[in-house]
Amino acid sequence: MRSLSALRKITAVACMLALSGCLVSEDPLLDASNGHATPIDPGAYVMCPVGDEEDGADCEQFSISHDDTGLYRLDKDGEEPIDMRVRRIGRRGFAVQLLEDSDDAYLYYYGAGNSQRFRLTMMLCADLPEEMRAQLIEDGDLESDDEDFETCTVNTLKGVTVSAKAYHRGEVQSDEGIALEFTPAPNAVD
C-alpha cells in the first residue's frame with residue numbers, strides 16, 4: 001500500500017469484507033452548496049492508518065488542495081486523484097464524502113480535527129445506535145437489503161449528517177472501524 005490507492009484499497013476491502021457495512025450512495029449527497037467546509041489547509045500531508053502495527057510502513061505522502069467550492073483533491077504523482085467533500089456537523093467534527101471511482105460509489109466518513117491532525121473514520125451502518133438507525137430507515141434516509149446491515153445506502157443529506165453526529169457525540173463504539181489520519185508532511189515547507 002505504498003500509493004494513494006491505499007485509501008481506495010482500504011475502503012474497498014472494508015466494504016467487500018462487510019465489516020458491518022459502510023455507508024454508500026450512488027449519487028453525491030454533498031456538493032458545493034452543502035459540502036464546502038475546508039478544515040484542512042492545502043499542502044503536503046502524510047496519511048497513515050490508525051493503529052497500524054507496521055510502524056508507518058503503510059503511510060503515504062501526498063498533497064491536498066481545494067477549490068473555491070470546497071472540493072478537495074487528494075493527489076499523488078502517477079495516481080488518479082481522489083475527490084472529497086466536507087460538511088461541518090459540530091466543533092471540529094465533519095461529515096466527509098469520498099468518491100470510490102472503482103465502482104462509482106460515494107463513501108461516507110466521520111472526520112475530526114484540523115490541518116495539524118485530521119482523522120477519517122469510515123461510518124459503519126451496523127455500528128450506528130439501533131434506534132437511530134431504525135428511525136433513519138423508517139424515514140427513508142437510509143436503506144438496507146438485509147437485517148445485518150451489510151449493505152446500507154444513504155438516500156439523503158440528513159442520513160449522512162445524523163450518522164456523522166452520532167460518531168461526533170461518541171455514540172458509536174466499534175473495534176472494526178477503519179480510520180486514517182492526516183498530518184503535515186515533516187519535510188513540507190510553509
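The values are calculated or read from the model by the stated rules, or taken from the named source; none is laboratory data. For clarity, every value in this text was computed on a predicted model and none was experimentally measured. Methodologically, a virtual Cβ is constructed for each residue, glycine included, from the backbone with ideal geometry; neighbour enumeration extends over all protein chains shown.
Restricting attention to segment 130-163, the residues being in a loop (DSSP other than H, G, I, E, B), at pLDDT 95 or above and touching an Asp or Glu at 6+ places or on another chain (Cβ under 9 Å) number 2.
Being in contact with a Phe, Trp or Tyr (Cβ under 9 Å, 6 or more places away or on another chain), closer than 21 Å to residue 174 by Cβ and at pLDDT below 95 is a condition met by at least one residue of segment 34-51. Among the residues of segment 90-102, are any farther than 21 Å from residue 174 by Cβ and out of contact with any helix residue (DSSP H, G or I) (no Cβ under 8 Å at 6 or more places or on another chain)? Yes, segment 90-102 contains at least one residue that is farther than 21 Å from residue 174 by Cβ and out of contact with any helix residue (DSSP H, G or I) (no Cβ under 8 Å at 6 or more places or on another chain). Close Cβ contacts (under 8 Å, 6 or more residues apart or on different chains) running from residues in segment 37-64 that are closer than 21 Å to residue 88 by Cα and among the basic types (Lys, Arg) to residues that are in a loop (DSSP other than H, G, I, E, B) and at pLDDT 95 or above are absent. Looking only at segment 57-75, residues that are hydrophobic (A, V, I, L, M, F, W, C) and assigned to a loop (DSSP other than H, G, I, E, B) come to 3 in all.
The residues of segment 71-98 that are of a type in the set (Gly, Ala, Ser) and within 18 Å of residue 26 (Cβ to Cβ) amount to a single one, 95.
Hey, among the residues in segment 148-163 that are of a type in the set (Ser, Thr, Tyr) and closer than 14 Å to residue 105 by Cβ, which one's nearest to the chain's Cα centre (by Cα)? Checked segment 148-163; the qualifying residue nearest to the chain's Cα centre (by Cα) is 153.
Can you find, within segment 73-115, the residue that is farthest from residue 41 (Cα to Cα) among those that are polar (S, T, N, Q) and more than 9 Å from the chain's Cα centre (by Cα)? Taking the candidates together, the pick is 102. Being closer than 30 Å to residue 43 by Cβ, aromatic (Phe, Trp, Tyr), surrounded by 12 or more Cβ atoms within 10 Å (Cβ to Cβ) and in contact with an Asp or Glu (Cβ under 8 Å, 6 or more places away or on another chain) is the requirement here; does residue 182 meet it? In short, no. Scanning segment 76-90 for residues that are in a loop (DSSP other than H, G, I, E, B) and charged (D, E, K, R) yields 76, 77, 79, 80. No other residue among 19, 99, 7 is in contact with a strand residue (DSSP E or B) (Cβ under 9 Å, 6 or more places away or on another chain), under 27 Å from residue 145 (Cα atoms), in a strand (DSSP E or B) and at pLDDT below 95 apart from 99.
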